[in-house]
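Here the structure is laid out as structure tokens; the discussion comes afterwards.
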Amino acid sequence: MVIFEDVWLRYREPGRTMGPASDVLRAISFEIPDGGFCWLTGPSGAGKTSLLKLIYLAEPPSRGQIEVLGVDAAGLKRRQAAMLRRRIGVVYQDFRLLAHLSVFDNVALPMRLARRAEAHVRADVMEILQWVGLGAKLEAMPAMLSGGEQQRVAIARAVVNRPKLLLADEPTGNLDDEQAERLMRLITALNQLGTTTVVGTHNMNLVARYPAPRLDMAEGRLRLHG
Amino acid sequence: MARLFIRRDDLGLRTAMGEALLPMLVGAMSFLAGLAVAGALASGTLARHWQGDTARAVTIQVPANEANAVPAVLAATRATPGMSDVRVLPVAAVDELLKPWLGDDVAALGLPIPIVIAADGPGGDGSALTASLTRVTPGVLVQTGALWAARVAALTASLRACAAAMLVIVAMVAAAMVTLATRAGIAQRHFEIEIIHGLGALDGDIARRFAARAAWLALLGGAGGSLAAGPVLMWLSGLAAPFAGVAPQSAWPGLSPALWFVLPTLPLLAGGIGWATAQVTVRRWLGRLT
Ligand SMILES: Nc1ncnc2c1ncn2[C@@H]1O[C@H](COP(=O)(O)OP(=O)(O)OP(=O)(O)O)[C@@H](O)[C@H]1O
Ligand SMILES: [Mg+2]
């Protein structure tokens with residue numbers, strides 16, 4: 001479950017001395033039920049990534065209330081925030097793979113941070129990498145992969161720990177239609193297993209093929225909810 | 001071996017904090033720390049030497065023209081409480097002591113060489129003895145080792161204070177260097193840190209990775225530094241041996257055995273400083289991440 005109540009965001013700009021910073025998100029309120037699926041759409045610069053950042057606790061809202069997986073995001077202790085993050089899988093728009101780690105180790109990272117036994121790590125990482133079609137590239141370094149392959153590694157890393165909440169920011173941006181389709185089947189499968197899912201995208205064809213509630217944004221406001 | 005400290009290098013710290021500079025600088029600091037500790041220990045040995053026999057030694061000079069008072073001086077000295085082993089130094093022994101100043105044939109100079117009485121006293125400045133002996137014969141001169149012992153004690157205390165100050169400074173410099181190296185590592189890896197923070201790493205998880213790396217590098221440096229200090233200390237102790245009253249030909253003249261316990265702990269201390277400093281540095285930096 002994700003609940004936003006009149007949430008505003010203005011990025012903190014430590015260097016700024018002149019003029020007011022503008023609000024990137026304004027008066028956002030919505031509710032995504034447990035196990036729900038939700039599209040996040042809107043033109044570039046509308047605030048999709050910013051909204052996701054608030055959900056995965058990368059930024060605090062400047063106003064309003066946020067509840068994620070039944071936890072009030074305000075005033076979390078650092079440890080509690082970390083534990084909450086472990087239950088959230090994020091596919092970043094810019095992938096954010098660790099350049100000096102192999103594909104396998106990148107995907108294993110969330111499991112190792114959660115101190116899962118190495119035997120489980122091996123099995124789960126292999127399985128998910130097979131699933132995204134990278135079973136043959138375990139030892140490759142991210143720099144040796146194509147954009148689409150990197151994106152699939154990022155997706156594998158986001159879901160390997162079976163998160164309760166999956167946030168994917170433009171996860172099909174670098175994929176061809178077939179890969180995008182495959183990815184959507186993976187995401188919907190996880191969603192059907194109970195993972196609450198939010199997918200941000202520009203790709204309206206994809207949205208049309210998978211009808212679901214939609215948060216549509218423009219200039220930091222929610223244009224449409226439903 | 002480093003694997004003991006970082007089981008899996010998922011922040012790539014082996015390259016981000018891989019320079020030889022930190023171990024070298026920490027090594028130099030441990031070398032200095034080794035010298036400081038050795039200095040403090042050696043001055044302790046010296047002080048014990050001076051405060052033992054020397055502090056209690058009493059010499060009494062009776063001028064040559066009052067030689068017939070010697071038996072009375074001896075009797076008065078023996079009668080003074082705390083005096084023992086009172087004896088007249090043979091003329092030959094006195095000549096021997098004067099040789100460096102007066103040459104080989106002291107007797108031929110026909111100088112009025114005083115009669116010297118040696119004794120073991122109770123310590124203190126000997127003023128009571130002086131008072132009673134002056135009543136026996138006015139020209140008598142009493143000297144005790146207490147004054148020297150006091151001077152040596154003061155010297156030792158200040159040497160120790162210097163050594164302690166040096167240890168503190170050396171530790172602070174080592175901590176400062178670890179801070180800089182850790183900050184450089186963070187600067188190189190801030191992107192990776194942000195990612196694993198986002199994946200739910202605890203501050204402790206991240207700090208531990210840096211701390212393990214810093215501790216390992218400091219430990220290596222510390223080991224190098226104390227290994228290098230060993231031979232230098234042996235050489236220095238050979239030079240210092242005559243002042244410590246130890247025969248220079250003895251195995252490790254003048255080096256306190258305690259040193260052989262202290263030197264191996266220096267790398268451990270260096271490692272501890274590395275660990276603690278990196279922890280503080282990283283945790284402080286992590287404070288900026290929500
Ligand atoms: N760290 C930041 N500091 C200041 N302003 C930011 C920051 N990140 C984003 N913005 C601003 O916030 C607004 C929304 O950005 P955001 O990245 O959320 O858009 P988006 O909807 O994800 O766009 P896109 O579809 O291009 O990814 C933009 O105007 C952007 O300039
Ligand atoms: Mg975006």
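The values are calculated or read from the model by the stated rules, or taken from the named source; none is laboratory data. If you're wondering where the values come from, they're calculated on a predicted model, not measured in any experiment. Neighbour counts are summed over all protein chains in view; Cβ atoms, including those assigned to glycine, are modelled from backbone coordinates with ideal geometry. When the accessible area is computed, the model is the full protein with side chains, heavy atoms only, and any ligands, DNA or RNA have been set aside. Shrake-Rupley method; radii C 1.70, N 1.55, O 1.52, S 1.80 Å.
Some observations on this one:
- Residue check for A:Arg87: within 14 Å of another protein chain (Cβ to nearest Cβ) and free of Cβ contacts under 8 Å to residues at least 60 places away in the same chain: no
- The stretch A:51-73, subset closer than 20 Å to A:Asp216 by Cα and free of Cβ contacts under 8 Å to residues at least 60 places away in the same chain, residue nearest to ligand 2 (Cβ to nearest atom): A:Lys53
- Of the strands (runs of 3 or more DSSP E) lying entirely inside the stretch B:77-163, those carrying at least 1 residues that are among the hydroxyl-bearing types (Ser, Thr, Tyr) are B:84-88, B:141-144.
- Wholly enclosed helices (runs of 4 or more DSSP H) of the stretch A:18-113 bearing at least 2 residues surrounded by fewer than 16 Cβ atoms within 10 Å (Cβ to Cβ) and on the phi < 0 side of the Ramachandran plot: A:78-86
- Scope the stretch A:137-154; condition touching a Pro at 6+ places or on another chain (Cβ under 9 Å) and within 14 Å of chain B (Cβ to nearest Cβ); matching residues: A:Gln150, A:Val153, A:Ala154
- Odd one out for B:Trp101, checked against (1) on the phi > 0 side of the Ramachandran plot; (2) open to solvent by 60 Å² or more (accessible area, probe 1.4 Å): (1)
- Within the stretch A:193-216, the residues that satisfy the criterion of being farther than 17 Å from A:Val2 by Cα and within 15 Å of ligand 1 (Cβ to nearest atom) are A:Thr201, A:His202, A:Asn203, A:Met204, A:Leu206, A:Val207.
- Taking residues in the stretch B:23-36 that are touching a residue at least 24 places away in the same chain (Cβ under 8 Å), and partners anywhere that are in a helix (DSSP H, G or I) and among the hydroxyl-bearing types (Ser, Thr, Tyr), the pairs with Cβ atoms closer than 7 Å and at least 6 places apart or on different chains are B:Ser30/B:Ser226; B:Gly34/B:Ser226.
- Within the set A:Val125, A:Val90, A:Val107, the sole residue that is closer than 26 Å to A:Leu57 by Cβ, at pLDDT 95 or above and within 16 Å of ligand 1 (Cβ to nearest atom) turns out to be A:Val90.
- Within the stretch B:58-76, the set of residues being open to solvent by 40 Å² or more (accessible area, probe 1.4 Å) and either within 22 Å of B:Trp148 (Cα to Cα) or in a strand (DSSP E or B) (or both) comprises B:Thr59, B:Gln61.
- Yes/no for B:Ala72 being more than 34 Å from the chain's Cα centre (by Cα), in contact (Cβ under 8 Å) with a residue 60 or more places away in the chain and within 14 Å of chain A (Cβ to nearest Cβ): no
- Screening A:Leu190, A:Leu224 for residues that are within 22 Å of A:Leu54 (Cα to Cα), more than 14 Å from chain B (Cβ to nearest Cβ), more than 13 Å from ligand 1 (Cβ to nearest atom) and among the aliphatic types (A, V, I, L, M) leaves exactly one candidate, A:Leu224.
- Residue check for B:Gly124: in contact (Cβ under 8 Å) with a residue 12 or more places away in the chain, open to solvent by 20 Å² or more (accessible area, probe 1.4 Å) and in contact with a Pro (Cβ under 7 Å, 6 or more places away or on another chain): no
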